[in-house]
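The values are calculated or read from the model by the stated rules, or taken from the named source; none is laboratory data. For clarity, every value in this text was computed on a predicted model and none was experimentally measured. Reconstructed Cβ throughout: ideal geometry from the backbone, glycine too, with neighbour counts over all protein chains shown. The protein model used for the area step is the full one, side chains on, heavy atoms only, and it has no ligands, DNA or RNA in it. Shrake-Rupley method; radii C 1.70, N 1.55, O 1.52, S 1.80 Å.
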Amino acid sequence: GRNGIRMPLRVRLWILGAGVAAILPLLILLISVPPDGGERAEFAQFLGRFHPLLVHLPIALLLLVPLLEGVALARERWHLRQAAGFVLGLAAVAAIASAWLGWLLAWSGGYEGSIVTRHMWGGVSLAAASLACWGLYHWKRSAYAVALVATVGLLIWTGDQGGKLTHGDTFLTEHSPAPLRSWIGGRQPSQVDPTS
């Protein structure tokens with residue numbers, strides 16, 4: 001039928017509770033044991049280094065959800081709306097796992113600084129926002145739509161912070177056209193000495 005198979009409320013609440021139970025300790029760790037630039041715990045470093053690999057999964061899944069929702073607006077494609085809920089659930093699980101691996105990498109791998117902190121807060125917030133979107137998907141469609149747009153915005157900002165962390169804070173703007181660079185406050189590209 002048009003409404004498809006509805007997940008029982010107690011199952012949805014149990015899943016939401018499990019998600020919150022996975023995010024809350026990470027939030028406490030982020031507040032109480034932020035990365036300080038120290039290197040520690042070889043096994044934590046080993047696990048944490050899977051963060052750059054896994055982090056692309058929630059990015060792809062979260063970007064797929066609005067695409068599925070947009071296509072589902074056509075009546076004959078309404079079944080894609082159910083697929084969007086399933087993909088969103090996978091995205092929330094992947095975002096929570098990515099945030100945990102990111103914390104392990106930052107805490108044990110010698111990272112520190114404001115960009116690291118902003119990226120970590122973005123990652124934890126994105127995990128929570130993904131979970132909230134999944135909960136709202138099954139409850140109130142209008143609130144879900146607003147939350148999904150905000151979550152995609154948060155995803156872009158968090159990804160930008162991660163990009164600055166790995167490639168430097170001028171990576172995207174360094175070679176942009178001069179008018180655009182002056183508008184966004186970018187710096188000139190570094191001059192390369194051809195004689196060296």
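Numbers below:
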quantity: Meets criteria (closer than 14 Å to ALA94 by Cβ and part of a helix (DSSP H, G or I)) for ALA21; calculated: no
quantity: Neighbours by Cβ (under 7 Å, 6+ apart or cross-chain): first from the stretch 117-136, farther than 10 Å from ALA95 by Cβ and touching a residue at least 40 places away in the same chain (Cβ under 8 Å); second outside any helix (DSSP H, G or I) and open to solvent by 20 Å² or more (accessible area, probe 1.4 Å); calculated: THR117/PRO34
quantity: Residue in the stretch 42-51 that is touching a strand residue (DSSP E or B) at 6+ places or on another chain (Cβ under 8 Å), open to solvent by 40 Å² or more (accessible area, probe 1.4 Å) and of a type outside the set (Gly, Ala, Ser) present; calculated: yes
quantity: Any hit, the stretch 4-11, residues being open to solvent by 80 Å² or more (accessible area, probe 1.4 Å) and part of a loop (DSSP other than H, G, I, E, B); calculated: yes
quantity: Subset tally (residues that are part of a helix (DSSP H, G or I), of a type in the set (Val, Ile, Thr) and open to solvent by less than 90 Å² (accessible area, probe 1.4 Å)) for the stretch 136-185; calculated: 4
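Yes/no per residue for (1) open to solvent by less than 40 Å² (accessible area, probe 1.4 Å); (2) over 20 Å from the mean Cα position of the chain (by Cα):
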residue	(1), (2)
ALA60	no, no
VAL65	yes, no
VAL71	no, yes
SER108	yes, yes
TYR111	no, no
